[in-house]
Amino acid sequence: MKKIYLSVVLLVISLLNTAFAQNGPHVVELAASKASYSVGEKAVLLAHVRVLPDNPNYEVFLEAKFNNQVILITRLSDKESASVTPTLTSAGNFPWEVKAYTQDKYRAHELEGGIAYHETTIRQAQNDLLIVTDPEQRALLIETITESNEILIDLRSELFNLRTLVEIATLQVQVTNKQNKLDPPTFFIEPDHASGSYDLGERSTFFIHVLSTFEGQETQVRSTFKGNAISVTKSSESEFVSVTQTFTTQDNGEQIYTATLLVRDKNEADALRSAISSGTNERNKFIQLKDQTSDPVLKSYYQKRIDELSSIVTALYQTLENALTSIGEKSATIHVGTGGCGSGSGGQDPIAVINAPVASGTAPLHLVFDGHLSHDPDGQVIRFDWDVIGMAGQHFPDNGPILDFTFATAGDYSVQLIVTDNEGRQNMTSIPVHVTSSGGSGSGSGGPCIVKTDYPAGIVCELTAEPFVASNPIQLDEYLHTYGQQGVNVRSLKINFHIPGGDLVVHSPCEIILESGITIIGSSLCLDGQMGIRGTANSLTAPQTTLLSAQGNVNIGSGTQMNVGNLSVNAPAGVRIGANSTITASTTINVVSQSTDPAVISSIIGEQSVHLTGREILMQTNGPGIIGAESIIETSSPLGFVFNASPCSIPANVQIIGVSSGSCFP
């Protein structure tokens, strides 16, 4: 009787699926991210489910082959799926075959979860067999493997029988040996000083003008100054702006600014960005589902989906980056030195300064930009011209020292200020502004940057283990989710990729390590490493930058370049600023190292040839305070440089420009 009933149910399901397959056009529509690929590339292939089952308990399941070899196809949403091929090694037309099935989604998810659970059980038992020597324990492990393999056979068989084939679709993927070649571009670099000469204390603004047009391509510029990466603001496909940090004595002499022009297919880039967005949203959904269930089988299924989506989104990110082609490079040489060569003889250029304590948030975002700190070394500033770059028509000539502006829509912008002195000389500066949509989510932004104290019970920080290396945003997000599980042994985090914009908020119960030489550019930067923060020769640019460590020290390594609006550092176990580091803040540098634990020695140590510039610089520690030889401390406000420490060490050859006070200056 049961068999007859089951046969009837399966017959009804089959009829329903047959009717579903016959309704309307093709179930699945296939497309490639671009018309053809070159040998050496990877193809990104997209499947769009055009028709969903009428029964909400059913879904479309896809499996794929590329050139007759099974290839992973990952569902990015209910209707979108993607495959990324291996590197293409030969020319020709290769078939991408996609089979579409219908299946009872709830039963299928249970079966997939059971399969993932028992596969994990087998792997764990096999690993244990490598180290367990007790005969009884080994026998139990072998029994576990045998039982799980038997269960896997049944689960896979049921899952196979659960699916009904409704369509087979094929796309021919064209691969050629021919590399697409673009004509050499016409573009040039224009420094804001026509003479190419700058004084100490000034900044240089470089305008990159692209005269060539590239049909169907989007442009990007990457720049270096003195060999170090420097941020670039894109105003349009043909206009880019780049601003250096304030010049110091370390910049004396001729310096080279280099701009590299890159292009990539716009349609391909848009398709990749759309797939990345869909995959990231789907992944976040499964992370939430996994956190909300205690069922180990469902957890296994959700983790399987999280792993698949992490893999595909990482591959899509890499493909988007690899799609960029460098088509030209230009350089401009400027001269930095004292003597007022800036705009000709007889006077010095004014210095433009923008103060904006916050330069990021959710649309509509109301901000006030203050140019009162702009000044002229040998005269006075008489005119302030403001522009909002990235938003058409937002020009505010002769607007005075204050710009009050509301950013109505999400996007990345920059606010530019040009000041003019009483001799007609000009200087320009700009700051980036990052605006998110009300429904958007950054890397954890939203709220003040404070020390995280609500880590789950059972967290163990493995400082002696190799750190977790995050080489892209998805891997970083993977790490940030790891410490949300109770009882997890957490490794330190090493960030090993350049971050080109947006908010970055990272909390770790372990140590945060910035790989040597990486560049982080954003609207706000918050790093909270409970056991410490360290990096070497990094370049950090953000209006608001906060570095926190509850138990470790903050080590701003040698050769670090920071260009910030406001910098706040707090580490009871000590703060170190490495030799030859430069920190330039348009407002305040605030460094605190104070501990109430007698076993912890607080300190603030600046090594040799450190250069700190800010409107005011505040340093406070209940331990020793040291400023290294040949360092420069520059402030411009009446408060100036305040340094409280005991004992203090400030060699005679340290230059302190501006007012100084505190216990280190009796």
- [ ] Give the Rg/Rh ratio for region 225-345, taking Rg as the radius of gyration of the Cα atoms and Rh as the Kirkwood radius, to two decimals.
- [x] 1.23
TODO: Using per-residue counts of other Cβ atoms within 10 Å, averaged over each peptide, order 107-118, 559-570 from highest down.
DONE: 559-570, 107-118
Task: the chain: calculated mean residue ellipticity at 222 nm from DSSP helix runs of at least 4, using -39500 (n - 2.57) - done: -7500 deg cm²/dmol
- [ ] Rounded to the nearest Å, what's the spacing between the alpha carbon centres of region 570-591 and region 256-271? Just the number, please.
- [x] 34
TODO: Keeping all protein chains in place, calculate the accessible area per residue for region 599-663 (probe 1.4 angstrom), answer in Å².
DONE: 42
TODO: Please work out how much accessible surface Tyr413 shows to a 1.4 Å probe, ignoring ligands, DNA and RNA, in Å² rounded to 10.
DONE: 20
Open item on the list: Students often check this: by mean Cβ neighbours within 10 Å, which of 492-498, 423-429, 92-98 ranks highest, and how do the rest follow?
Closed with: 492-498, 423-429, 92-98
Task: Vicinal HN-Hα couplings computed from phi for region 397-404 (Karplus, 6.51 cos²θ - 1.76 cosθ + 1.60; Hz; Gly/Pro x) - done: x, 6, 8, x, x, 10, 10, 10
TODO: Could you list which residues have their amide H under 5 Å from that of Phe61, counting only those 5 or more apart in sequence or on another chain, with H placed in the peptide plane?
DONE: Tyr101, Thr102, Gln103
Task: region 548-666 shape via C-alpha gyration tensor axes, a/c threshold 1.5 - done: rounded
Task: Å² per residue, accessible surface of region 515-572 at 1.4 Å - done: 24
Open item on the list: Taking 8 Å as the Cα distance limit and 6 or more residues as the minimum spacing, I'd like the relative contact order of the chain as a percentage.
Closed with: 7
Task: Convex hull volume per residue for the chain, taking Cα atoms only, in Å³ - done: 195
Open item on the list: I'd like the carbon and sulfur percentage of the solvent accessible area for the chain, probe radius 1.4 Å, heavy atoms only, ligands and nucleic acids excluded.
Closed with: 52
TODO: Equivalent ellipsoid semi-axes for region 36-105, as square roots of 5 times the alpha carbon gyration tensor eigenvalues: give them largest first, rounded to whole Å.
DONE: 28, 11, 9
TODO: Would you please put 590-602, 466-478 in order of how densely packed they are, using the mean number of other Cβ atoms within 10 angstrom per residue and starting with the highest?
DONE: 466-478, 590-602
Task: In order through region 536-542: 3J(HN,Hα) via Karplus (6.51 cos²θ - 1.76 cosθ + 1.60), integer Hz, x for Gly, Pro - done: 9, 6, 8, 10, 10, 10, 6
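The values are calculated or read from the model by the stated rules, or taken from the named source; none is laboratory data. The structure presented is a predicted model; accordingly, all values stated were derived computationally and were not measured. Neighbour counts run over all protein chains shown; Cβ positions are idealised from the backbone, glycine included. Please note that ligands, DNA and RNA were not included when accessible areas were found on the heavy atoms of the full protein model with its side chains. Shrake-Rupley method; radii C 1.70, N 1.55, O 1.52, S 1.80 Å.
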